[in-house]
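All remarks here apply to the structure that follows.
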Amino acid sequence: MLQYLGLENGVITLILSTLVLALWKMWPTKKWDPRGQFCYVTGGSSGLGLAVAIALTKRGAHVTIVARNEERLAKALAELEKTRQSSNQILRSYSFSLTDADASHAALEAASKDHGNKYPDTVFMCAGAARPGFFVEEDAKSMQKGMDNTYWIQAYTALAYTKQLVRSQTSGKLVFTCSILGYMSLIGYSTYSPGKHALRGLAESLRSELILYNSSVHIMFSGNIDSPGYVEENRTKPKITLEIESTDKPTAPDVLAKELINGVQRGDFHIAPDMLSNIIRSSTTGATPHHNVLLDVLYALIGWIGLPLWRRGVDSTVLKHRKEHKDYLATRGFFKSTD
Amino acid sequence: MLGRLWAKSWDPKGKHCYVTGGSSGLGLAVAKLLVLKGAHVSIVSRNAQRLESAMKELETVRTSPNQILKSYSYDLITATGAREALDAVCEPHQRRNPDAIFMLAGSCHPRFFIEETEETMKTQMDQTYWVQAWTALEASKRMVRDKSKGKIVFHSAYIGYITLVGYAAYGPGRMAIRALADTLRQEFLLYDIDIHIAFPGTMYTPGYDIENATKPKITLKIEETDPGVTGDQYAKGLLRGVQSGDFHISPDLLGNIFRASMRGVAPSSNFFVDSLWNFIGWVGLPIWRMTVDSTVKGHRKEHEEYLSNKGFYSSSNKSFSQ
């Protein structure tokens, strides 16, 4: 009799816990609210950064955007002003080159002056650029630039911000923006995916380390973004890479901005804005916290079968491209070069 | 996958193998193993003294008088250094490109992120990423230009899969080199160059002592139960992986679990065995992570005292470089 009761309890517990697991994290709990917060957005003058800045302004945040180009910053600030919700919102822009460590620090200092020397509550690092190409056509300059425009451009901001957070013993939030190419790589991205993977490494180490300080970190992994940056990137992208990517439509920046903010509100560490990024995320989880465990198992199962098939298809496309590639290198005088 | 069972194993005998970081630790262990298997071996590192004693060790395992064993002192963290080293290495071989390049140079300097500076972060990226990327770039250009067949072997680490507190500068570099290897594996299907990348964990080498000199106490505590191997032990597994044609090489239990859990799009040598490792990781790694997180949380007060003693809270806001 007792045994029977025990079994029943066990089954009930199993069903309940399965339900809890299934429902866990399915609804945004809306803990984080940008209203009244001081939000700092790098790369905020165009593309994803501008979309994030606008979305934050609409939600009542104080927003400071930082980028290099003053003209674009002025235009962007004008757009933010159009979506101003209240006269109290502090909306500012600053021109700094964030691939430089000192400039990244100076930018935060300048921005803090508008808030009584207080550093931002949340830092959205949306700055970055890609310049795909064949590895054998890269050189020291293009490789360095690739790492600067993917990794250092966010890492220096993260360093300056985190140091100040800890020094002043306040809590804050870091939001990195990464790419599916931070989870895996593809032909043509040898100057881009290393820096994006490096951002993942930084975010992962920080998630662990920030437990010491009661601050938090998030990182979004998006596919191609329908932005001026994407147009620029495609001008020099190898044909084979374009061909492989042809089935992926780029996503509008405002859609991604919404996903980013929702992800931060849900408390997701890795923010995956669509089905594909969720599948890849769940296929390269490592020790990264899951979202909803049952959903993640589903994504992982799809990836378990789907990703190797996709990869084989791409590898096959690359193999077929050998002759065309040899001709391409020959016309560019590659086989004649002595360096 | 089945085809690989009958694939001929790569034989280093008579081949020219170029080993960076070949004067100590894993690099020296791999160099010795290659000499034992009959390869011509060139080793490059910075320290001339260490190179000299390394050469003596290589000579003791020479199997034939025809083996060309050479050493050169170069700093590989610049493109120029990598290029000049390759020029030197190819010289005794009629300027022919090496048949295999084992890039094992590098070092690890863990510390708390807030104690990093621009300089320390750049040095760490140099010692994990650039020290291999430049050699890969220079070698690839030559091998493609000359239409030579060959192998390029990268190395990362467990931390290139899964990272934790203390590795905020090291983890990025280890993950970046994994990304480069992943990109080149696919891109070099255009050429006759094979890519491999090894992921060692704890290895009892001189590098390990250097690493532990700066490693935060909390990181040491979390890692204290990690099993370790000697450079010689790992070298055997590494070479076996290269000979079998494995892309990601992880010849140990934890390495396999990490690799399979982080597999993403990378090809695996055995789909079914890897699925098993993946499943073990799926269950085990979250438990590991939650335990580690709990340990870190429990360390807060001690960490606050540590920072206080180092004068961190009173250091000037302006002093970014400290």
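Each value in this text was obtained by applying a stated rule to the coordinates, not by laboratory testing. Being a predicted model, the structure only gives us computed values, none of them experimental. Here Cβ is always computed from backbone atoms with ideal geometry, including for glycine, and neighbour counts include all displayed protein chains.
Under the classification rounded if a/c is under 1.5, otherwise prolate if a/b is larger than b/c and oblate if not, where does region A:30-274 fall, given a ≥ b ≥ c as square roots of the Cα gyration tensor eigenvalues? Prolate shape, in that a/c is at least 1.5 and a/b is the bigger ratio. Per-residue ellipticity at 222 nm, computed for chain A from helices alone with -39500 (n - 2.57) per DSSP H run of at least four residues, works out to -16500 deg cm²/dmol.
What average count of beta carbons from other chains do you get within 10 Å of the Cβ of residues in B:108-115?
4
In loop segments of region B:109-202 as defined by DSSP, the trypsin sites (Lys or Arg not before Pro) with at most 13 further C-beta atoms inside 10 Å of their C-beta are B:147, B:149. Using C-alpha pairs below 8 Å separated by at least 6 residues, the relative contact order for chain A is 17 percent. For chain B, the longest principal axis of the Cα atoms and the long axis of helix B:131-145 meet at an angle of about 30 degrees.
Determine the gain in length on full extension of the stretch residue B:313-residue B:11; use 0.36 nm per residue of separation and subtract their C-alpha separation, reporting nm with one decimal. Walk me through the numbers on the way to the answer.
Working: separation 302, 0.36 × 302 = 108.72 nm, distance 5.77 nm.
Gain on extension, residue B:313 to residue B:11, equals 103.0 nm.
In order along region A:264-273, phi translates into HN-Hα couplings of 5, 5, 6, x, 5, 6, 8, 9, 10, x Hz, rounded to whole numbers, per the Karplus curve 6.51 cos²θ - 1.76 cosθ + 1.60 with θ = phi - 60° and x for Gly and Pro.
Averaging the Cα positions of each part gives two centres, and for region B:71-145 and region B:174-223 these lie 14 Å apart. Taking θ as phi - 60° and the Karplus parameters 6.51, -1.76 and 1.60, the scalar couplings of region A:289-306 work out to x, 6, 8, 6, 4, 5, 4, 5, 4, 4, 4, 5, 5, 4, x, 4, 8, x Hz in sequence order, x denoting glycine and proline. Taking amide hydrogens as placed 1.01 Å from N in the peptide plane, the amide H of residue B:101 sits under 5 Å from those of B:18, B:151, B:152, B:153, each at least 5 positions away in sequence or on another chain. I need the shape label for region B:188-289. Rule: rounded when a/c is under 1.5, else prolate if a/b > b/c, else oblate, with a, b, c from the alpha carbon gyration tensor. Oblate, since a/c reaches 1.5 and b/c is not below a/b. With the simple model of a label 7 Å out from the Cα in the direction of the Cβ, residue B:283 to residue A:275 spans 3.1 nm.
Annotation: peptides A:143-150, B:302-309, ranked by per-residue average of other Cβ atoms within 10 Å with the highest first, follow the order A:143-150, B:302-309. For residue A:93, nonlocal amide neighbours, meaning residues 5 or more places apart or on other chains whose placed amide H falls under 5 Å from its own, are A:65.
Take A:167-177, A:213-223 and order them by the average number of nearby Cβ atoms within 10 Å per residue, most first; the result is A:213-223, A:167-177.
Is region B:65-165 best put as rounded, prolate or oblate by its Cα gyration tensor, with a ≥ b ≥ c the root eigenvalues, rounded for a/c under 1.5, and otherwise prolate when a/b is larger than b/c, oblate when not?
On the way: a/c = 2.38, a/b = 2.17, b/c = 1.09.
Prolate, since a/c reaches 1.5 and a/b exceeds b/c.
For peptide A:284-293, the mean count of partner chain Cβ atoms within 10 Å of a residue's Cβ comes to 6. With a 10 Å cut-off around each Cβ of A:303-314, the average count of Cβ atoms from other chains is 2. Using Cα atoms only, what is the angle between the long axis of helix B:300-309 and the major principal axis of chain B, expressed in degrees (0 to 90) to the nearest 10? Tilt of helix B:300-309: around 90 degrees. If the elastic network links every pair of Cα atoms under 10 Å, which of A:46, A:95, A:87 fluctuates the most in the Gaussian network model of chain A? Between A:46, A:95, A:87, it is A:87 that shows the largest mean-square fluctuation.
Here the Karplus curve 6.51 cos²θ - 1.76 cosθ + 1.60, taken at θ = phi - 60°, turns the phi angles of region B:151-161 into couplings of 10, 10, 10, 8, 9, 10, 6, 3, 5, x, 9 Hz, with x standing for Gly and Pro. Counting neighbouring beta carbons within 10 Å and listing from fewest to most, the residues A:39, B:108, A:126 come out as B:108, A:39, A:126. Sorting A:182-193, B:68-79 by their mean Cβ neighbour count within 10 Å, with the most densely packed peptide first, gives A:182-193, B:68-79. In summary, chain B shows an alpha-carbon radius of gyration equal to 1.04 times the 2.2 N^0.38 Å reference for compact globular proteins. Of the listed pairs A:31/A:58; A:145/A:320; A:141/A:249; A:196/A:323; B:13/B:236, which have alpha-carbon separations greater than 24 Å here? Violating the 24 Å Cα-Cα cut-off are A:145/A:320; A:141/A:249; A:196/A:323. For residue A:225, the residues whose amide H sits under 5 Å from its own are A:251, ignoring neighbours fewer than 5 places away on the same chain, with H placed 1.01 Å from N. Using the Cβ of residue A:288 as centre and a radius below 13 Å, the other residues enclosed give a net charge of 0, where K and R count +1 and D and E count -1.
Label positions at residue B:212 and residue B:96, each projected 7 Å from the Cα along the C-beta direction, are separated by 4.4 nm.
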